[in-house]
1. Which of the GluC sites (Glu not before Pro) across the range 9-115 are loop residues per DSSP, with 12 or fewer other Cβ within 10 Å?
2. Quick check: the angle from helix 101-113's long axis to the longest principal axis of the chain, C-alpha only, nearest 10 degrees?
3. How far is helix 23-38 tilted, in degrees, relative to the longest principal axis of the Cα atoms in the chain, given as a value from 0 to 90 rounded to the nearest 10?
4. Show me, bin by bin at 5 Å from 0, the whole-percent P(r) of the chain based on Cα pairs.
5. For the range 66-111, which whole percent of the accessible surface, found with a 1.4 angstrom probe, sits on carbon and sulfur atoms?
6. Provide the per-residue ³J(HN,Hα) series for the range 77-84, in order, calculated from phi with Karplus coefficients 6.51, -1.76, 1.60 and θ = phi - 60°, each as a whole number of Hz, with x at glycine and proline positions.
7. Kindly write out, for the range 48-55 in residue order, the coupling ³J(HN,Hα) from the Karplus curve 6.51 cos²θ - 1.76 cosθ + 1.60 (θ = phi - 60°), rounded to whole Hz, with x marking Gly and Pro.
8. Using the heavy atoms of the protein chains alone and a 1.4 angstrom probe, what is the accessible area of the chain per residue in square angstrom?
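The values are calculated or read from the model by the stated rules, or taken from the named source; none is laboratory data. Given the structure is predicted, the values throughout are model-derived calculations rather than measurements. Backbone-built Cβ (ideal geometry, glycine too); neighbour counts: all protein chains shown. For accessibility, only protein heavy atoms count, side chains too; no ligands or nucleic acids. Shrake-Rupley method; radii C 1.70, N 1.55, O 1.52, S 1.80 Å.
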Amino acid sequence: MDRILQTSWESTGPWILYDGECRLCRAGAARFAPLLHRRGFRLAALQSPVGRYFAPGAAAEMKLVMRDLRVVGGAAAIAEIARRIWWARPIAWLWDLRLFRPALTHGYRWVARHR
């Protein structure tokens, strides 16, 4: 990890990487940024230096880079984020049931294709 990324990484929480070329993704990032920042998340476009480092070539789905450098994407990322927001926890609970994972993944991919 280069020096700039290392310095910014150590001083922040997990990163949510979204498609900066997608109008829907940019609007969602702007709308939820205050809520996510309060919960320790940082946002960056997949096209930014942070995004290119952790998710090179990814633009089909959002990515969540955890503090342990684990990267999850799509519906799994939504579930991880939902765990930290009390009113969104039912999404994480459904994800944990595994029975609902195919439906949540399909729903996420449908929205991603039609954005």
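1. Glu21
2. Helix 101-113 and the main axis of the chain meet at about 60 degrees.
3. It works out to around 80 degrees.
4. Taking every Cα pair in the chain, the percentages come to 2, 12, 21, 25, 22, 12, 5, 1, 0.
5. 67 percent
6. With the stated coefficients, the range 77-84 comes to 5, 4, 5, 5, 5, 4, 4, 9 Hz.
7. Result, ordered by residue: 7, x, 5, x, 5, 6, 8, 9 Hz.
8. Details: 7150 Å² over 115 residues.
About 62 Å² of surface per residue is accessible.
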